[in-house]
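Read through the structure below, which is laid out as structure tokens, and then see the notes.
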Amino acid sequence: MAPKWRELADKLAEQIKGGEYEPGQQLPEIRKLVKAGEGSKSTVHAAYKALEAEGLVTSSRGHGTVVRQRVPLKRLGIARYDKAKWRDGDEVAFIADRVASGRAYRRNEQTQTINLVEAPPLVAAAHGLPEGAEVYARARLVKEGDQPTHSLTSYYRPEHVEGTRLVDPTPGPAGRGGGFRVLYDAGYEIDHMKEEIFARAPTSDEVKQLQLPPGEPVVELHRTTFTASGTVVEFAIGVHAASRFAWEYEFKVPDSAKDQKGQQ
């Protein structure tokens, strides 16, 4: 038999998922549920902590226990890198996501720091560099309003970006068209990418930086960007708050058998 706090947590979870409590709405104060016969103060408190650990609510002093906003940003896949967006316009990737989600944005919602660092093993391997080689690390924290959504650190070879806007620490994208436009203007037009994503538990630093509620995982992204000749011009590592994004991919379904036939 489940403990009383678990029964109450399950009951409230069903009410939240069923729409009885809307996103942003405060749950009843603990004393009210106690008075209504839902259990002791410790029982209700334990139920609320369980809901918080499951990512359904957030708790803070002065605001009580509030149902979390459940409408995530649409994180585009292939479409966010459309050259027409950044080469011919000024819609860098994080802005493309906001536009697709119907959300407002400000360019300075992306902050950044630039440092010349010793390449970590993963970065050195991606760029084909010896361990210990220096690379530029362009670390960004992207917010929606006051809430961080993700961090993204791009690593570049110095010879590709030295003297360009990519090593300028001014907040916001690296000028019109962002980093990909800078590479394009420098003669390194991006041609194809490889992205790897996986979920994991956040580190304590990531919990603070992304303001994560208890129990929320992160989605880590590894992005390798190539020119048509196969030169790696960027290797990026992103850390995304899992509940703040819905990942969307649209692509032509490959038919390798047909392709091989055509080559014969």
Got a sec? Which of Pro214, Pro130 is in contact with a helix residue (DSSP H, G or I) (Cβ under 8 Å, 6 or more places away or on another chain), open to solvent by less than 70 Å² (accessible area, probe 1.4 Å) and either at negative phi or among the hydroxyl-bearing types (Ser, Thr, Tyr) (or both)?
Pro214
Output the number of residues of segment 222-247 satisfying the condition of being within 22 Å of Gly145 (Cβ to Cβ) and either open to solvent by 50 Å² or more (accessible area, probe 1.4 Å) or in contact with a strand residue (DSSP E or B) (Cβ under 8 Å, 6 or more places away or on another chain) (or both).
9
Subset of segment 77-88, residues under 21 Å from Ala241 (Cβ atoms) and surrounded by fewer than 20 Cβ atoms within 10 Å (Cβ to Cβ), comes to Gly77
Between a residue in segment 122-134 that is farther than 13 Å from Tyr156 by Cα and any residue that is open to solvent by 40 Å² or more (accessible area, probe 1.4 Å) and in a helix (DSSP H, G or I), which pairs come within a Cβ distance under 7 Å, given they are 6 or more apart or on different chains?
Glu131/Pro121
Have a look at Thr153, Thr170 and point out the one that is within 11 Å of Thr113 (Cα to Cα), among the polar types (S, T, N, Q) and in a loop (DSSP other than H, G, I, E, B).
Thr170
Kindly establish whether Ala100 is touching a residue at least 12 places away in the same chain (Cβ under 8 Å), under 26 Å from Ala241 (Cβ atoms), among the hydrophobic types (A, V, I, L, M, F, W, C) and open to solvent by 30 Å² or more (accessible area, probe 1.4 Å).
yes
Taking Ala36 and the conditions (1) open to solvent by 50 Å² or more (accessible area, probe 1.4 Å); (2) under 21 Å from the mean Cα position of the chain (by Cα); (3) of a type in the set (Gly, Ala, Ser), which numbered condition does it fall short on, given that it satisfies the others?
(2)
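Each row is one residue, and each column tells you yes or no for (1) in contact with a helix residue (DSSP H, G or I) (Cβ under 9 Å, 6 or more places away or on another chain); (2) open to solvent by 50 Å² or more (accessible area, probe 1.4 Å).
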| position | (1), (2) |
| --- | --- |
| Ala9 | yes, no |
| Tyr21 | yes, no |
| Ser40 | yes, yes |
| Glu52 | no, no |
| Val57 | yes, no |
| Arg61 | no, yes |
Candidates Gly230, Gly262, Gly238, Gly215 - the one that is over 21 Å from Val92 (Cβ atoms) and in contact (Cβ under 8 Å) with a residue 24 or more places away in the chain
Gly215
Here are some residues: Glu22, Glu14. Which one is in a loop (DSSP other than H, G, I, E, B) and within 25 Å of Val218 (Cα to Cα)?
Glu22
Looking only at segment 230-250, decide whether some residue is part of a loop (DSSP other than H, G, I, E, B), under 29 Å from the mean Cα position of the chain (by Cα) and of a type in the set (Gly, Ala, Ser).
yes
Quick one: in segment 146-195, of everything that is farther than 25 Å from His240 by Cα and touching a residue at least 60 places away in the same chain (Cβ under 8 Å), which residue is surrounded by the most Cβ atoms within 10 Å (Cβ to Cβ)?
His160
Restricting the search to segment 198-210, which residues are under 22 Å from Ala93 (Cβ atoms) and either part of a helix (DSSP H, G or I) or modelled with pLDDT under 95 (or both)?
Glu206, Gln209, Leu210
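The values are calculated or read from the model by the stated rules, or taken from the named source; none is laboratory data. Worth saying up front: this structure is predicted, and the values here are computed from it rather than measured. Using ideal geometry, Cβ is built from the backbone for each residue, glycine included, and neighbour counts are taken over all protein chains shown. These accessible areas exclude ligands, DNA and RNA; they are computed on the full protein's heavy atoms, side chains included. Shrake-Rupley method; radii C 1.70, N 1.55, O 1.52, S 1.80 Å.
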